[in-house]
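These notes concern the structure reproduced below.
Derivation of every value follows stated rules applied to the coordinates shown; laboratory data play no part. In this text, all values refer to a predicted model and were calculated from it rather than measured experimentally. Ideal geometry is used to build each Cβ from the backbone, glycine not excepted, and the neighbour counts take in all protein chains shown.
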Amino acid sequence: MKVAAINDLSGFGKCSLIADIAVLSSMGVEVNPVPTALFTAQTGFPSFYMHDTKDMVRHCTDEWKKMEAEFDGILTGYIPYEREADYVIDFVETFNKKDTVLLVDPVMGDGGECYSNYSDGLLSRIKKMVSIADIITPNLTELCILAGVDAEQVVRDTAKGNHLKKIENIANKVRADDKQSVVVTGIFSEGDKLCNLVVHEGGTEMVECSYNGRSYSGTGDLFAASLLGNVLNGKIITDAVFATTEFINKAISVTKEEDGKYGTGFEKVLMDSHFWTDIK
């Protein structure tokens, strides 16, 4: 199987394409990376340099079209600018065939706030990709942005108690059709627990996560890559979310570095050749 992974590449932080390539390769999936930007370190570090690589997206589309390339899956992640988003849309429209699984991770914000590169133009382009995706994996902030809801208020309310029904209603507003799956990540539920909410064709399900009060670079990227890999390997969406949540929990549990900027110790989990087969 082959996946085109459209994302940035960071020298430090173990996120984005580093996560995509490592996780999907461990699941028997060939990864064809399409870099949207190069970073010396992920943006949680106090200093970093970004090199824009939007031309690579365009060139990958042109050159791979000549090769008549086909993909079992396409994963989209961080997109820095509106112009680059146009190139990503062109790539997706070119290679997203009938049997291709398109997973869109709408990277736009977190904690009720938008990232610095966010713009209304970028949002409109991400919405276009979301409308044709098979799976989208927004965090709560990104879900609210897509739905036109006050993200800061919803995040604040959710932190006070169980608002899963409200979030489910927002997710249904975002869904393009009944066949599309929306997996909302990192939601606070009762008892200060975290969960992932899965809204899919068969209904809605909550999958609880372990939570130690810390945040780690790259967990969203690990989640998206693992979820897509599990789906491509035959799991239904709810089982794929369960397996992915177990993977993230395990990666965090083996992480000794308290500074989450450097990411999790997911490599230790992937060293276990039986990990994916042991997850039911």
(message) Suppose R0 equals 41 Å. What FRET efficiency, 1/(1 + (r/R0)^6) with r the Cβ-Cβ distance, do TYR49 and ASP178 give to the nearest 0.05?
(response) 0.40
(request) Just subtract the alpha-carbon distance of ASP259 and SER116 from 0.36 nm times their residue separation and send over the number in nm, one decimal. (result) 49.2 nm
(request) Would you mind ranking MET206, MET108 by Cβ crowding within 10 Å, fewest neighbours first? (result) MET206, MET108
(request) State, in angstrom, two size descriptors of the chain derived from its alpha carbons: Rg to one decimal place and Dmax to the nearest whole number. (result) 17.4, 54
(request) Describe numerically, in nm with one decimal, the distance between label points set 7 Å from Cα along Cα→Cβ at ARG83 and at LYS193. (result) 4.8 nm
(request) Just the number, please: percent antiparallel of the DSSP beta bridges in segment 2-278, rounded to the nearest 5. (result) 45 percent
(request) Find out how many positive minus negative residues lie around LEU38, taking Lys and Arg as positive, Asp and Glu as negative, among other residues whose Cβ is under 14 Å from that of LEU38. (result) -3
(request) Provide GLU68, GLU82, GLU246, GLU267 in ascending order of the number of other Cβ atoms located within 10 Å of each residue's Cβ, fewest first. (result) GLU68, GLU267, GLU82, GLU246
